[in-house]
1. Determine whether region 74-96 contains at least one residue that is part of a loop (DSSP other than H, G, I, E, B), within 8 Å of the ligand (Cβ to nearest atom) and not β-branched (Val, Ile, Thr).
2. Against the definition (open to solvent by 50 Å² or more (accessible area, probe 1.4 Å), part of a helix (DSSP H, G or I) and under 15 Å from Gly169 (Cβ atoms)), how does Glu64 come out, yes or no?
3. Look through region 134-143, keep the residues that are touching a residue at least 12 places away in the same chain (Cβ under 8 Å) and out of contact with any strand residue (DSSP E or B) (no Cβ under 6 Å at 6 or more places or on another chain), and return whichever of them is most open to solvent (accessible area, probe 1.4 Å).
4. Taking the condition of being assigned to a loop (DSSP other than H, G, I, E, B) and either free of Cβ contacts under 8 Å to residues at least 40 places away in the same chain or within 16 Å of the ligand (Cβ to nearest atom) (or both), how many residues in region 173-203 meet it?
5. Evaluate the following for Leu20: is it under 21 Å from Thr138 (Cα atoms) and either small (Gly, Ala, Ser) or open to solvent by 40 Å² or more (accessible area, probe 1.4 Å) (or both)?
6. Scan region 1-29 and report the pairs whose first residue is touching a residue at least 40 places away in the same chain (Cβ under 8 Å) and whose second residue is charged (D, E, K, R) and assigned to a loop (DSSP other than H, G, I, E, B), with Cβ atoms within less than 6 Å and a gap of 6+ or a chain change.
Amino acid sequence: MKLPQFELHRPTSVDAAARLLADLGDDGSAFSGGTELLLAMKLGLIKSRHLVDLKGLPELHGIELRPGGVWIGAGVTHAEIEASPAVRAILAPLAVMASQIANMRVRAVGTIGGNLCFADPNSDPATFLSAVGARLRTWVRGESREVAPEEFTVGPYQTVLEPGDLLLGVWVPTPPPSANVVHLRMKIHERPSVTVAAMVEASHGEVVAARLAVGSVGPKVLQVDLGEELRGLGGSAYSSRVGALVALLAGSIPLLPERPESPEYQRHLVRVLSTRALEVGLAAATSSAGRPAQNGGGEA
Ligand SMILES: Cc1cc2nc3c(=O)[nH]c(=O)nc-3n(C[C@H](O)[C@H](O)[C@H](O)COP(=O)(O)OP(=O)(O)OC[C@H]3O[C@@H](n4cnc5c(N)ncnc54)[C@H](O)[C@@H]3O)c2cc1C
């Protein structure tokens with residue numbers, strides 16, 4: 001696999017990068033860590049003759065605690081998220097999720113923005129961010145806009161961005177004190193085959209709000225607000241309602257065609273991981289009420 005020749009551009013502002021990419025059209029590609037783009041070029045899947053390095057854009061860097069949440073620039077690496085005291089202060093499961101991505105080498109250069117923009121269905125961040133109600137800030141034809149993670153992806157390897165548009169960063173709101181976030185994944189191959197994230201808010205052992213996101217099996221992340229269905233439930237009533245809802249979801253979720261795993265097995269994994277995420281979410285939310293959201297993440 002040989003990298004084809006290309007011309008390298010190093011803009012130093014979002015505006016300059018966006019204008020350059022818009023002018024280059026299909027002949028230009030942006031990159032941050034390059035872990036996806038360079039591989040796709042070596043495989044001949046992307047044939048851009050101009051590469052635009054986004055690492056010199058100050059607007060895309062940094063993790064900042066702000067009132068109501070944390071701002072993460074699109075050019076922030078998974079390793080920086082994993083090590084960030086600001087992320088750990090408000091949402092430790094996000095740091096844990098980042099620590100489980102790929103391997104140390106990919107995490108050191110691969111960015112959250114590159115992950116979301118490449119839109120490989122087999123990935124973790126979009127699922128996690130959807131469950132916690134994060135918002136993505138984009139630069140679209142010279143204007144800053146906001147979009148939900150589950151709407152940013154249109155399908156496999158496709159986002160709402162057009163040539164010349166950029167992802168600026170991610171706004172992650174601080175979860176309510178009595179909420180807990182759980183991110184689970186099943187990795188059969190190099191990348192996750194199923195990702196499930198749940199945010200459950202509880203009071204005195206009963207659900208106040210619940211959101212579930214399922215990714216990696218379908219063309220894009222599916223987010224479901226279960227607040228109406230689960231509010232006020234706890235104990236066995238909660239478990240039995242979760243069982244019914246999750247069975248319905250697993251049976252109807254759109255799946256990608258031509259996957260190595262059978263549809264039955266994928267639906268089984270969705271059911272098991274979703275049930276576990278919601279059960280652990282409620283148990284942990286009940287025991288950790290009043291503390292910042294803590295982790296219930298991990299490999300299935
Ligand atoms: C071996 C391996 C294992 C992996 N395992 C996992 C895993 O377990 N879980 C998981 O979630 N992911 C996994 N990944 C994916 C990894 O997270 C991504 O490769 C990485 O985050 C991409 O970031 P990057 O900065 O290198 O992207 P780049 O390669 O630089 O860019 C990727 C794409 O995004 C576009 N882009 C980048 N930044 C922007 C921006 N700011 N605005 C607009 N477009 C932009 C580029 O044009 C390009 O098309 C794995 C990857 C590898 C190689």
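The values are calculated or read from the model by the stated rules, or taken from the named source; none is laboratory data. Because the structure is a prediction, the values reported are computed rather than measured. A quick note on method: Cβ atoms are made from the backbone with ideal geometry, for glycine too, and the neighbour counts reach across all protein chains shown. Heavy atoms of the whole protein, side chains included, go into the accessibility calculation; ligands, DNA and RNA do not. Shrake-Rupley method; radii C 1.70, N 1.55, O 1.52, S 1.80 Å.
1. Pass one, region 74-96, residues part of a loop (DSSP other than H, G, I, E, B): 74-76, 84.
Those left that are additionally within 8 Å of the ligand (Cβ to nearest atom): 74-75.
Next, from what is left, pick out any that are not β-branched (Val, Ile, Thr): 74-75.
Within region 74-96 (the criterion being part of a loop (DSSP other than H, G, I, E, B), within 8 Å of the ligand (Cβ to nearest atom) and not β-branched (Val, Ile, Thr)), the answer is yes, since at least one residue qualifies.
2. Numbers: open to solvent by 50 Å² or more (accessible area, probe 1.4 Å): yes; part of a helix (DSSP H, G or I): no; under 15 Å from Gly169 (Cβ atoms): yes.
Spelling it out, it is not the case that Glu64 is open to solvent by 50 Å² or more (accessible area, probe 1.4 Å), part of a helix (DSSP H, G or I) and under 15 Å from Gly169 (Cβ atoms).
3. Just the residues of region 134-143 that are touching a residue at least 12 places away in the same chain (Cβ under 8 Å), to begin with: 134-142.
Right, trim to out of contact with any strand residue (DSSP E or B) (no Cβ under 6 Å at 6 or more places or on another chain) and you get 140-142.
On the way: Val140: 14, Arg141: 159, Gly142: 46 Å².
Per the criteria, the residue is Arg141.
4. The number of residues fulfilling the criteria is 8.
5. On the way: under 21 Å from Thr138 (Cα atoms): yes; either small (Gly, Ala, Ser) or open to solvent by 40 Å² or more (accessible area, probe 1.4 Å) (or both): yes.
Answer is yes for this residue.
6. Phe6/Arg49
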